[in-house]
Amino acid sequence: MVQVKIWGSLTAFTDDQRTVEIEASTLRELLSGLAETYPGLKPQLDRGVSVSIDGRVYNDSWFQPIKPDSEVVLLARLKGG
Amino acid sequence: MSKIHVTTSINGDPTEYLCDPEETLLDVLRDRLGMTGSKEGCGTGDCGACSVTMDGRLVCSCLVLGAEADGARIDTIEGMAEGDKLHPLQRKFIEHAALQCGICTPGILVAAKSLLERNPDPTEEEARYWLAGNLCRCTGYDKIIRAVLDTAAEMREAS
Amino acid sequence: MALDSKQQLDTLDFKVVGTRPLRPDGIDKVTGRARFGADITAPGMLVGLVLRSPHAHARIKSIDTSAAQAIDGVHAVVTSADFEKITDDDFTADILDNCMAGEKALYDGHAVAAVAASSGAIARRALKAIKVDYEVIDHVTDVDEAIKPGAPVLHAAGGNESVPECSSPNIMARYEFGHGDIDAGLSQADRVLERTYRTEATHQGYIEPHACLAQIGQDGQADLWCCTQGHYMVRNTCAAIMGIDQGQLRVTASEIGGGFGGKTTVFLEPVALMLAKKSSRPVKMVMSRSEVLRATGPTASSSVDIRIGMTKDGRITAAFAELRYQGGAYAGSPVEFGAMSAFAPYDLEHVKTVGWDIVTNRPKQAAYRAPGAPMAAYAVESAIDELAKGFGLDPLEVRLKNAAREGTVASYGPTYPAIGLEATLRKAKDHPHWTAPLGENQGRGVACGFWFNFGGDTCVSLNITPDGTATVSEGNPDIGGSRASMSMMAAEELGIPYEKVRTIVADTGSLGQNEVTDGSRVTFAVGLATIEAARAAKREMCKRAAMTWGIDEEAVEWKDGAAHPAGPNAGSHPPLTLAEIAATASNTGGPIAGHHEANPEGAGVSFATHMVDTEVDPDTGAVKILRYTVFQDAGKAVHPDYVEGQFQGGAVQGIGWALNEEYIYGEDGILQNAGFLDYRIPVASDLPMIDTVILEIPNPGHPYGVRGVGETSIVPPLAAIANAVSEAAGVRMTQLPMSPPKVLAATQAD
Amino acid sequence: MRYLAPTSLDDAVQLLASDPGDCRILAGGTDLLVRMRSGMAEPDSILDIKRINDLRQITAEDGGWRIGAAVSSAEMNEHTALKADWPGVVEAGDLIGSTQIQGRCTLAGNLCNASPAADSVPAMVAARATARIVGPDGTRDVPVEDVPTGPGKTSLGKGEFVASIFLPAKADRSGDAYLRFIPRTEMDIAVVGCGLSLTLDDAGICTDARVALGAVGPKVIVVDAAAEALIGTQVDDAALDALAAACSNAATPIADKRGTVEFRTHVAGVLARRAATIAKSRAGA
C-alpha cells in the first residue's frame, strides 16, 4: 500500500482524510486506484493532476514506479508561462 | 479612391510606389515593398518598433503617411549593414546578447544609430532617454544599453 | 542516488556549455530579415478582421451579416454559428467560446464575428456593416465584488465539485493546501499580522501582436503560420475546433516576438482557418495593440488575506493565506499555483492556503510567467517583511531562519530534495548591495520567490551531414536564445565546435508532439532530449567505427569528437573523427542520425532572492528604482548571457507590475487603457542596470544539472519593491500598482 | 480620402476654404494619424502643410521668435538662440512623446489638438505666445490660450488654421520653465503640467509673472492669483508656498485613468513651486 497525501479541498471526497492508502506500484495504478476508491475525486483526476513521488514531479508517466515507502503527494496540475 | 504616386529613396535605392492617401509609411514598407524589418507593435507611436529615419530624422513610420515620403530619403533597418559588413551596433547587439525575442531590435538599432550620429559619446542616462520610445519587454534594457555604450566607445576609438 | 549524480555533475568538465557564443539567429534579427508572425504572406491572401463586443456583458440576440457579405471584396463572414459545438471537452469549448462568442459576449472586446476581405479597408467597412442585436446585462469586473450576493452571474452552471454549496456562482473552483494547525501555531506567536493585499491585472506586454496566416484546401489539408509559444498546441486545439485530423493541419511557428505565457493558447487561429475554409483563400489576421490588450489573456487580478504569526526572534509559528483570483470570463485563474507557491520558500509547521477561482467580465486570463505565484509572493513577502521590521530584525536573517531546506516538507506537500533558496539568501547577505548606504527618502527591500518547473512531451531529431556537421530539429519556438543553447549542448555532447551545429524549429509535420514553450521547460527538457539524441548518434557512430575497424562495438568509446578504440581487446587504431565517420556513412550503413522522444519528468524547483533600492518623492509619490540585484539558482547556466537576460527581463516585468502597470476598467466595464500610452510598461529611462548573480546548484534530474530559469525571476520583484517603497515612504503599501497617486495618498494619510 | 500638399500658404488657405468635406491639417501627424487609425477621425481630405517653406522656419521677429506651424519640437530643440530665450517652451516641446514623436510634433499641432494635457500649451501661455491664424477672411493673431476652448475643441473658424506661433521678446532678467508630472520618466501624457515665466528687477524682486496649468481643467488655466503671489516678492519660500496654494486652488481636475482629483490638485502646487525655482534661476537670480 502506498500512502498518498492529497490536498485539502479534496478531503471532501475522501471522508476527510488527508492521507489515503492505495494499492499501487506505478503512477497509473495509483491514479486508477484513487478514482476507484474515491469516485468523488474523478472529476479532478480527469481535469488533470501532477504527482510528486519522492520529491520529483510527474504529470503523465503511467509506468513511473512507486515504492511502498515512497512519499507520494497529489498536486494541482502544473502549467507555466 | 485614387492612389498617389510617390517617388522616394529607400536606403539609397530610388523607389517608386503607389499608395492610398491614408496608408502609412510603415504599411507601404511592409505590405507594398516587402520590407518587413520595420515592425508594428502598436500603430500609435508608443513602442518605436517601426522606427526609420526620414531625411536623417528619427520617426515612427506608423505616424508618417506613405504620401509624405515623396522626395524624401528613408532609411530602414534593411539598409543598416553595408553589404555583408554589419554596422557596429548590429555586431555589438549580438555580442552583448542585447536581444531575446528580437521584435524590438530593428527599431532600437535604427534609433540607437540616430543617437550615435548626433551624440558619439552619450552618457547612460542620455542613451536611456533617447531610447525611451523603444519598448523592449524581454531584456529589461540592461544589455541593450551596454551594447549601445560599448558601440559608441568602439566607434570613437575607430574614428 | 541524488548525491552520486550531484557529485558527478560537480565534476563535469564542460567545453561549450557555460561559454557565451553568438546566437545563431542573431544576424537575421539585427538586419530585419527574421520573419515574425505578421511578416508571413501568401499569394492571393485576404485580410481577416474581428468584430468585437463594445459591451462588458451582453446576450447576443442575433447577428445580421447580410450587408457585410454583400460588399464587393468581402469573401467570408464568420460567427459562432459556423463552428460545431464542443460538448465533450469543457477546456476546448471555453477556448472556442473565447475565440468567437456564443450566446453571450462576456467582456469588452470579446470576438463576435469576423470577416475576410480583399483589403483592410474593405474588411473594416464590412465590420461596420454587421448588425449585432445585443441585450446588455449587468457586469462585474472586480474580484471581490464578483462573489458578493446579487453580483451579475457569468455562467449559470457555477463552479465545479470543489466549490461548497451555496457559494457564489462566479466561484469556479476552490483549492486548499497545507498542514498543521493554524490556530495552535498562531497562539505561539508574539505577534500575528493580518492584512489584505490587492494586485491589479497586468498583461505580458509582448511587443509583437498576435498574427497568423491560414489556408485550407478542399481536401481538408490545412496550413497555418503563426507566432506562438507552441505550434503543436495550436495544431491540436485548432484541429479539435475545426473537426479535422491533427495530421492534416501543419502548423509552422514563425519567429516569436515575446510571449511570457500569453501565447500559450489560441485567439485568432481557429477564426482564420474558418475564414480560409469559407473563402477558399489564404487569410491573414494581425491584431492591433488595442485588440491585444482588450481580448488576449492578461493575468489575474488578486485579493489576498494573510495571517502570519511570528515570535520576536523571527520564527514564523503559523501562516495562512486566502487567495481570490479573477481569471476573466472563464474558469481557470492560476489561483492553485498561488496557493501552492505562497509559502513554498519556508519551513513551516503550521501552514494553510485557500484559493478561490473567480470569474468576472474580463478577458480570459492566460499564463504569465510563473502564473499565479507573483501575487501570492507579494502578499506573503510583504507580511514577513513587516513582521521582521516590526521586531527590529534583519529581514534577510528572518528569511534564513525560516528558509526551506533539503528535507523540509513544502507547504504544498512534498519533501524537498536539495534546493537553492538558502544559497541565494546567503549570497544576498554577502553582496555589497546589502550594506550600501541609503539616502533620504530611500528604502531597500528584499523578497524571495519560488516556482515549479516541468518537462513535458519533447522530440528532438539530430542528423549528421555527409560533411560532418550536425543539424538539430526541435519543436519549441525559440523565444529567447534556445537555439543557441541546443546547439551548445549538441556540440558539447558530440565534441565538435558550436559553429558546426545548426538548430532549427521544425513544423508540426516534422516531429512528434511537443509541449508548449512554457514552465521554463525548454532548456531543461529540450536540452535533455538534444543530449540524448546526440548520444544516440554517437552510439551509431561508434558502431560504424567498430565495423570499420572490425572490432566489437563495446570496444569503442567517443571522446573529443571522435571514436577511439578502448579496452584491452580493441587493438590499435587511429581515432575516427565525426567528419571521417560521416564521410563514409553511405558505405557503413547509410545516413547517421540520433533522435529522442520522451516526456522528461523530474524538473527541479527554483528559488530566487531579489534586492532593490527605491527612492520616493514625498511631494508627488513618484518612485524611482535606484539599484536592483537578482540572486537565482540556475542549476547550470548553459549560456550565461541568456540566463542573465531571463533574470533581468523578469525583474523588469515585475517592476512594471509593482509600479505602473494595471488594467483599468470604467464603471461601464470598458477597458480604459487599451494601448501602450496608458498601459505603462517600463521604458529604458525608468530603470537602472539590473545586476545578476547566477548560482549553480546542479539539478540531479538533468544530465548537465540544468534548471529552468525563465519564470522564477518575476516572482520576488512585486514584494521586494513594495518592501523598499514602504520603507522609503514610511508607510506600508498593500495595493499594487504603487502608482504615484496611491503612494502620495498613503503617505498623506499616514 | 484626398491627400493635398500645397507649397504656398495662399494655396493652402484656398484649398482648405474650398474643401467641401472634412479636411484636416497635417503638420507632424502624431495626433491625427493616431485618431485616424482608431477610427475617431475619418477625414475626407488631409492637407499637409509641411511642403510650405515659410511654415518650416524659425525666424527672428521684433526681438522674439516666429515658429512656423510645421516646425518640429526637435528642430526647436536644435535652435540654440530660441532655446536660450525660451528654454521652458522648448523643453515642453521636447517632452512630448518619444524622440521619434519629437521629430514630427509641432507647437501648432499640440495647440490645435486641444488636449487639456498638451505639454507645450501651458509653456506657451506662460510665455504670452500668440497664434497667427490664417483663413479665407484674412489673418489674425490671438493669444494661444484663446485657441483651445475645451477637450478637442478650438475657436478656429471654418477654413482657418494656425500658421505660426509667435514667442515675444524675452525681457531682461526673465526666465521660463515648464514641468509636468507623469508616472513614468517618459512617454506618458501629463497628469499635471505647469508653465511659468517670471521677470526680476535688479534687486531680485519679481516684477512680472505668468503661470499656466495643464491637465487640471477642460483647457489650459491661467492662474492670475499665482502670478500675484510671486510679484513683489523675492520668490522666496513664503512666496512659493503662496504660489503652490494658488495653483492647487485654481485646479479643477477630473479623476481618470491618469490621476485622481486630490493628486492632481496637490501636484499642481508642487510643480508650480519647482517650476518657479527653475525660472528664477534662469532669470539670473
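The values are calculated or read from the model by the stated rules, or taken from the named source; none is laboratory data. Just so you know, these numbers come straight off a predicted model, no measurement behind them. Here the Cβ positions follow ideal geometry from the backbone for every residue, glycine too, while neighbour counts run over all protein chains shown. SASA here: full protein model, heavy atoms, side chains in, ligands and nucleic acids out. Shrake-Rupley method; radii C 1.70, N 1.55, O 1.52, S 1.80 Å.
Summary of values
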quantity: Any hit, the stretch B:28-45, residues being surrounded by 17 or more Cβ atoms within 10 Å (Cβ to Cβ), facing chain C (nearest Cβ under 9 Å) and at positive phi; calculated: yes
quantity: Among the candidates D:ALA251, D:ALA244, D:ALA212, residue that is more than 19 Å from D:ALA114 (Cα to Cα) and not basic (Lys, Arg); calculated: D:ALA244
quantity: Test: residue in the stretch C:585-597 that is among the charged types (D, E, K, R), over 14 Å from C:GLU540 (Cα atoms), at pLDDT 95 or above and not in a loop (DSSP other than H, G, I, E, B); calculated: yes
quantity: Residue ID - farthest from the chain's Cα centre (by Cα), chosen from residues in the stretch D:237-269 that are closer than 30 Å to C:ALA674 by Cα and in a helix (DSSP H, G or I); calculated: D:GLU262
quantity: From the options C:ALA214, C:ALA272, residue that is of a type in the set (A, V, I, L, M, F, W, C), outside any strand (DSSP E or B) and either in contact with a strand residue (DSSP E or B) (Cβ under 7 Å, 6 or more places away or on another chain) or farther than 30 Å from C:LEU393 by Cα (or both); calculated: C:ALA272
quantity: Selection within the stretch C:35-71 - open to solvent by 20 Å² or more (accessible area, probe 1.4 Å) and among the polar types (S, T, N, Q); calculated: C:THR41, C:SER62, C:THR65, C:SER66, C:GLN69
quantity: Exclusive hit being out of contact with any Asp or Glu (no Cβ under 7 Å at 6 or more places or on another chain), acidic (Asp, Glu) and assigned to a strand (DSSP E or B), set D:ASP188, D:ASP176; calculated: D:ASP176
quantity: In the stretch B:10-25, the residues that are away from chain C (no Cβ under 11 Å) and under 15 Å from B:SER61 (Cβ atoms); calculated: B:ILE10, B:THR15, B:TYR17, B:CYS19, B:THR24, B:LEU25
quantity: Meets criteria (modelled with pLDDT of 95 or more and open to solvent by 10 Å² or more (accessible area, probe 1.4 Å)) for C:GLU667; calculated: yes
quantity: Filtered residues of the stretch B:141-159 (kept if aliphatic (A, V, I, L, M) and closer than 16 Å to B:TRP130 by Cα); calculated: B:ILE144, B:ILE145, B:ALA147, B:VAL148, B:LEU149, B:ALA152
quantity: Candidates C:PHE647, C:PHE607, filtered to the one that is more than 10 Å from every other protein chain (Cβ to nearest Cβ) and crowded, with 23+ Cβ neighbours inside 10 Å; calculated: C:PHE607
quantity: Residue that is most open to solvent (accessible area, probe 1.4 Å) [pool: residues in the stretch C:355-376 that are charged (D, E, K, R) and in contact with a helix residue (DSSP H, G or I) (Cβ under 7 Å, 6 or more places away or on another chain)]; calculated: C:LYS364
quantity: Qualifying positions in the stretch C:161-180 - in contact with a His (Cβ under 9 Å, 6 or more places away or on another chain), within 12 Å of chain A (Cβ to nearest Cβ) and assigned to a loop (DSSP other than H, G, I, E, B); calculated: C:GLY180
quantity: Residue in the stretch C:230-251 that is in contact (Cβ under 8 Å) with a residue 60 or more places away in the chain, within 14 Å of chain A (Cβ to nearest Cβ) and within 26 Å of the chain's Cα centre (by Cα) present; calculated: yes
quantity: Selection within the stretch C:222-278 - within 21 Å of C:ALA101 (Cβ to Cβ) and among the small types (Gly, Ala, Ser); calculated: C:ALA240, C:GLY243, C:GLY262, C:ALA272, C:ALA276
quantity: Residue within the stretch B:36-46 that is of a type outside the set (Ser, Thr, Tyr) and assigned to a strand (DSSP E or B) present; calculated: no
quantity: All positions within the stretch C:381-418 that are within 14 Å of chain A (Cβ to nearest Cβ) and in contact (Cβ under 8 Å) with a residue 24 or more places away in the chain; calculated: C:ALA404, C:ARG405, C:THR408, C:VAL409, C:ALA410, C:SER411, C:TYR412, C:GLY413, C:TYR416, C:PRO417, C:ALA418
quantity: Set C:ASP641, C:ASP678: member being within 10 Å of chain B (Cβ to nearest Cβ), surrounded by fewer than 24 Cβ atoms within 10 Å (Cβ to Cβ) and under 21 Å from B:GLY140 (Cβ atoms); calculated: C:ASP641
quantity: Any hit, the stretch D:62-71, residues being within 30 Å of D:ALA275 (Cα to Cα) and without any contact (Cβ under 8 Å) to a residue 40 or more places away in the chain; calculated: yes
quantity: Identity of the residue in the stretch A:1-19, of a type in the set (S, T, N, Q) and in a strand (DSSP E or B), that ends up surrounded by the most Cβ atoms within 10 Å (Cβ to Cβ); calculated: A:GLN3
quantity: Among residues of the stretch A:20-44, those that are open to solvent by 60 Å² or more (accessible area, probe 1.4 Å) and assigned to a strand (DSSP E or B), counted; calculated: 1
quantity: Unique match (being open to solvent by less than 20 Å² (accessible area, probe 1.4 Å), free of Cβ contacts under 8 Å to residues at least 12 places away in the same chain and more than 30 Å from C:ALA423 (Cα to Cα)) among C:GLY594, C:GLY590, C:GLY561; calculated: C:GLY590
quantity: Meets criteria (within 12 Å of another protein chain (Cβ to nearest Cβ), assigned to a strand (DSSP E or B), small (Gly, Ala, Ser) and within 28 Å of C:GLU597 (Cα to Cα)) for A:SER61; calculated: no
quantity: Helices (runs of 4 or more DSSP H) wholly inside the stretch B:65-143 that include at least 2 residues being among the aliphatic types (A, V, I, L, M); calculated: B:88-95, B:105-118
quantity: Matching entry among D:ALA118, D:ALA60, D:ALA114, D:ALA81 (being away from chain B (no Cβ under 14 Å), surrounded by fewer than 24 Cβ atoms within 10 Å (Cβ to Cβ), in a loop (DSSP other than H, G, I, E, B) and of a type in the set (Gly, Ala, Ser)); calculated: D:ALA114
quantity: The stretch A:38-58: number of residues that are within 18 Å of C:PHE454 (Cβ to Cβ), within 7 Å of another protein chain (Cβ to nearest Cβ) and not aliphatic (A, V, I, L, M); calculated: 4
quantity: Subset of the stretch C:564-587 (residues that are buried (at least 17 other Cβ atoms within 10 Å of the Cβ) and among the β-branched types (Val, Ile, Thr)); calculated: C:THR577, C:ILE581
quantity: From B:THR123, B:THR105, residue being more than 8 Å from every other protein chain (Cβ to nearest Cβ) and of a type in the set (Ser, Thr, Tyr); calculated: B:THR123
quantity: Leading residue by the ranking (most open to solvent (accessible area, probe 1.4 Å)) among those in the stretch C:291-305 that are farther than 9 Å from C:THR202 by Cα and in contact with a Ser or Thr (Cβ under 6 Å, 6 or more places away or on another chain); calculated: C:ASP305
